[in-house]
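To start, the structure itself, in C-alpha cells.
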Amino acid sequence: MSEIKIGRLIRSSSTDFVFGATIPEKEVPAFGSFVRSSLPNQQGKMFGVIFNLTILNSEFLRRVATADIVIDANMMTDLRASQLPIEVSVLSVGYQRGERIVCGVPPQPPISLEFVELCSHEEISALYGSPDLVRLILHSRLNTADDLLLAVIERQLEILPASARQRTLHQTGRVVSQYLQNDFNRMDVLLGRLEGLLSLAG
C-alpha cells in the first residue's frame with residue numbers, strides 16, 4: 001500500500017493526537033480508521049485509531065447555509081466535491097520499535113505539522129494481532145470506547161480473508177471477556193454487539 005497522506009498534526013501527546021486536513025468529502029477518513037505519523041528523531045512511527053471527526057466551518061459553506069436559496073441536487077454534488085476543513089482526534093495505540101510494531105504508549109509523541117497517513121493492511125493486522133489493542137481501547141477514558149472497538153474490529157474483518165474472520169472474532173470475544181470480567185453488564189452488552197458482527201464474518 002502506498003503512503004496516503006491525509007493531513008498534518010496540530011497537537012499531540014503520548015496518549016492521543018489531533019490532525020487537520022482540507023479534503024473532499026469522499027476522502028474523509030472513517031471513525032475507527034488506523035492512521036500513523038512519524039516519531040521525533042527518526043524513532044519510527046506512531047499508530048492510532050480515529051475516535052472523533054469534526055467538520056469545521058468554512059466561509060463558503062457558511063454563506064451557502066445562510067443564503068435564501070434552494071439547494072438542488074447539482075449544487076449538493078458540487079458542494080460535496082468541494083474541500084472540507086476537518087479536525088480529527090486519534091487515540092494512540094502503538095508505535096514502531098525497530099522492525100517491530102508494539103501496542104502501547106510511545107516513548108515520545110510526534111511533533112506538530114508532521115504528516116498523518118493511513119496505515120497499511122500489514123500494519124493494521126500487526127496492531128490487531130496484539131491483545132493489548134483491545135485493552136488500550138477498552139481502558140481509555142473515551143465515552144465511545146466500545147463503539148470504537150467495534151469499528152476497529154470491522155476494519156480488521158474487512159481486510160481478512162473470509163476463512164479467518166470468524167476465528168478472529170471469537171478470539172476477540174475471549175479477550176474482551178478477560179478484560180471486562182469485573183464489569184459484567186458492559187461485557188454482556190459488548191459481547192452481544194460482537195455477535196452482530198458475525199454477519200460480516202460469514
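The values are calculated or read from the model by the stated rules, or taken from the named source; none is laboratory data. Keep in mind the model is a prediction, meaning the values are calculated, not measured. So basically every Cβ, Gly included, is an ideal-geometry build from the backbone, and we count neighbours across all protein chains shown.
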### Matching entry among Leu160, Leu150, Leu169, Leu180 (being under 22 Å from Gly94 (Cβ atoms), among the aliphatic types (A, V, I, L, M) and within 14 Å of the chain's Cα centre (by Cα))
Leu150
### Task
Say whether the condition of being touching a helix residue (DSSP H, G or I) at 6+ places or on another chain (Cβ under 6 Å), aromatic (Phe, Trp, Tyr), modelled with pLDDT of 85 or more and assigned to a loop (DSSP other than H, G, I, E, B) is met by at least one residue in the stretch 20-40.
yes
### Task
Among the candidates Leu142, Leu133, single out the residue that is free of Cβ contacts under 8 Å to residues at least 60 places away in the same chain and in contact with a strand residue (DSSP E or B) (Cβ under 6 Å, 6 or more places away or on another chain).
Leu133
## Note on the structure
Filtering the stretch 41-67 for residues that are assigned to a strand (DSSP E or B) and either among the aliphatic types (A, V, I, L, M) or at pLDDT below 95 (or both) leaves a count of 7
### Query
Within the group Val175, Val189, which residue is over 22 Å from Ser125 (Cβ atoms) and β-branched (Val, Ile, Thr)?
Val189
#### Entry: Restricting the stretch 68-104 to residues that are in contact with a Pro (Cβ under 9 Å, 6 or more places away or on another chain) and among the polar types (S, T, N, Q), the residue that is modelled with the highest pLDDT
Ser92
### Message
Please count how many residues of the stretch 86-144 are assigned to a loop (DSSP other than H, G, I, E, B), small (Gly, Ala, Ser) and crowded, with 17+ Cβ neighbours inside 10 Å.
### Response
2
